[in-house]
Amino acid sequence: MSEPQKLPLVYVRGFAGDTSGINEVVTDPFYGFNEGSTHIRIGPDNEPDFYQFESPLLRLHLDEGYEILMDGSQAVYLDSHSAVPPNSIWIHRFYDVSASTWSAQPQEFRIETAAEDLLTLIDTVREKCGAPRVHLVAHSMGGLVCRCLIQKVLPDLGRDPAACVGKLFTYGTPHGGITFDFGLGMLERLRDAIGVNGAQIFGPERMYEYLTPKSLTDPDGPPPGWDPREMPSDRPFAFPRERVFCLVGTNPADYDVAHGLSAAVVGSRSDGLVQIDNAYVPGAHRAYVHRSHSGRYGLVNSEEGYQNLRRFLFGDRKVEAALVGHRLPDREDTAWQAEVGLSVRGMQIVMHERTTAQWCPIQLRDAVRNVTAEGADGDAADTGACVPLVDTFLGSDLPRPGDTGSMRYALHLRILSLRERNGLLSFGNHLEQTADFDDTLVVDVFTGRASSAPALSAVWNSDIPGSIRDHLPDGSARTDENPKPGVWVGHVELPGTAAPILGADARIRLTVTPWH
């Protein structure tokens, strides 16, 4: 497998609010993407520990060889150079024209205009560096600017967004808008009617306008059941959701905007501003991390965010893990949940975690769908239920600490049950936060960029004597169960202790494919 060409990156920042907020934003040459942090929650008793994160901007310079190019401004540099290197980073400075510090008559901010200006920047950068596409990296509202470009601006021009955008990575974007736990919808209706500081852009009426192509727009507004999170795949010029990654924050406590009032109103199932269920595009890749929307524990200035970003943009292997073939006990009064955590060797952070304590477990009944042995509906006999657990992106060229020479990660899986009686949870024999099944699958992937077929080892922690750090694979790779070239599929049996809960046929299905 040859080394893929580096594509330019364009950063798109989030919402700044009123004119005073915009004026503050435009004083930063990098619109905030240069902000690092010094806090990480890895100390005893979940207390913050010192951890120096340089910022995603600087880390891409150090790790991937990217450059920031400007001569007084990006525009001047682009205008004065006939060619620029593709491994370059560009800031979409869409707020500049709305700042009163540079103009006596600042322009009113509109998402459509910001998306149109983003296209101008993309086309200029592509022309100057000769790259076929650019990657878009966006925080908060910036992801909606990118989606306006992808779902409306480019289709309205008859252009395929996949021809000029490589991948889209969003940090805490309100893909489903911004909603509140309080007020029974009254607060949202008041916001959308008054348009406080332009915040109506996070309501369904405005979102429908800037996320829908002109040819498909209903003049009466969004139809019943319209979901702003959706990036429909059945439209002309549909952008592949496979090329979208949504980083979801689950920590509202550390979002201190308005002295914590925002987090209190939005609710505990959020990052302090965006509710968890609104922070992703259905069908896109996603990871959940215990970070807030912004601030010292924010998503953008976090190691968790950066590691997911780097592997999604530049990794060369995708590993999908799913729970398949399980048969939950037939108890109408019991709700079943799964918790998952993903750790990559050498990282001081958890890359992905969905837990009940952080309000985002996997609801097994809701997540179940029927699949076949090859993972595609209808191709073979039904093998039972399937629950996707996590997609992992790995890089063959990244450092591999330890003695195994492999890309190692661990998937922590817990299965919990909650008993209901007359529609209410029953706690008679309940042990809070205690799982019915709890184990960790340790996966080693051996491959290089020159190899298309990986060798994979997987073993449960309960079968490893001693500590995981001392574990060495025994040298026997698991068998590839899929005869199709380019896709490796294997099933890992669960420990015997899981059989009474998930059934004797329950497996973890691992699927490894090249990632470009």
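The values are calculated or read from the model by the stated rules, or taken from the named source; none is laboratory data. Model, not experiment: these values are computed from the prediction. Cβ: placed from backbone, ideal geometry, glycine included. Neighbour counts: every protein chain shown. For the accessible areas, the whole protein counts, side chains as well, though only heavy atoms, and no ligand, DNA or RNA atoms are used. Shrake-Rupley method; radii C 1.70, N 1.55, O 1.52, S 1.80 Å.
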Discussion item. Ordering Glu242, Glu108, Glu481 by accessible area with a probe of 1.4 Å, largest first, what comes out?
Written reply: Glu108, Glu481, Glu242
Practice prompt. Taking all protein chains together and a probe of 1.4 Å, list Thr170, Thr434 from the most accessible to the least accessible.
Written response: Thr434, Thr170
Worksheet item: How large are Rg and Dmax for the chain when only the alpha carbon atoms are used, in Å?
Response: 23.6, 74
Worksheet, complete the sentence: Listed by chain and number, the aspartates and glutamates with an alpha carbon less than 12 angstrom from that of Lys167, same-chain partners under 8 positions apart left out, are Glu242
Item to complete: Note the full-extension length gain between Ala335 and Asp156 as 0.36 nm times their separation in residues minus their Cα-Cα distance, in nm to one decimal.
Response: 59.9 nm
Worksheet item: With a sphere of radius 15 Å drawn around the Cβ of Met70, what net charge do the other residues whose Cβ falls strictly inside it have (Lys, Arg +1; Asp, Glu -1)?
Response: -3
Worksheet item: Suppose every K and R has +1 on its Cβ and every D and E has -1 on its Cβ; what is the size of the dipole of the chain about the Cα centre, in Debye to the nearest 20?
Response: 520 debye
Practice prompt. Note down, for the range 228-317, the three equivalent ellipsoid semi-axes (square root of 5 times each alpha carbon gyration tensor eigenvalue), biggest first, whole angstrom.
Written response: 26, 17, 8
Fill in: Positive-end extreme of charge dipole, the chain - chosen from Ser98, Thr497, Ala455 (charges on Cβ)
Ala455
Worksheet item: Around Ile415, with a cut-off of 10 angstrom between Cβ atoms, what is the net charge of the other residues, counting Lys and Arg +1 and Asp and Glu -1?
Response: -3
Worksheet item: If we count every other residue with Cβ under 9 angstrom of Tyr210's Cβ, Lys/Arg +1 and Asp/Glu -1, where does the sum land?
Response: +2
Worksheet, complete the sentence: Ordering Ile501, Ile42 by the accessible surface of their heavy atoms, 1.4 Å probe, largest first, yields Ile42, Ile501
Worksheet item: Nearest 20 debye, what's the magnitude of the dipole of the range 233-377 about its Cα centre given +1 on Lys and Arg Cβ and -1 on Asp and Glu Cβ?
Response: 380 debye
Worksheet item: Is the range 1-159 rounded, prolate or oblate when judged by the Cα gyration tensor, a ≥ b ≥ c being the square roots of its eigenvalues, rounded requiring a/c under 1.5 and prolate requiring a/b larger than b/c?
Response: oblate
Response to the item:
Everything considered on the Cα gyration tensor (a ≥ b ≥ c; rounded for a/c under 1.5, else prolate if a/b is larger than b/c, else oblate), the range 1-93 must be described as oblate
Worksheet item: Given Lys128/Lys214; Lys318/Lys484; Lys128/Lys152, which pairs have Cα atoms separated by over 27 Å?
Response: Lys128/Lys214
Worksheet item: Leaving out ligands, DNA and RNA, what percent of the accessible area of the chain is carbon and sulfur, probe 1.4 Å?
Response: 51 percent
Fill in: Surface per residue (accessible, 1.4 Å probe) for the chain, Å²
44 Å²
Item to complete: Would you kindly compute the Cα radius of gyration of the range 54-146 and its largest Cα-Cα separation (Dmax), both in Å?
Response: 14.2, 42
Discussion item. Taking amide H atoms as placed 1.01 Å from N in the peptide plane, list the residues 5 or more away in sequence, or in a different chain, whose amide H sits under 5 Å from that of Arg286.
Written reply: Cys246, Asp391
Response to the item:
With all protein chains in place and a 1.4 Å probe, Lys128 shows an accessible area in Å² (nearest 10) of 50 Å²
Worksheet item: Of all DSSP beta bridges in the chain, what percent run antiparallel (nearest 5)?
Response: 70 percent
Worksheet item: Can you give the direction-averaged projected area of the convex hull of the alpha-carbon atoms in the range 44-85, in nm²?
Response: 4.7 nm²
Worksheet item: What figure in square angstrom, to the nearest 10, would you give for the accessible area of Arg110 with a 1.4 Å probe?
Response: 110 Å²
Item to complete: Determine how large the accessible area of Ser82 is when every protein chain is in place; take a 1.4 Å probe and give Å² rounded to the nearest 10.
Response: 110 Å²
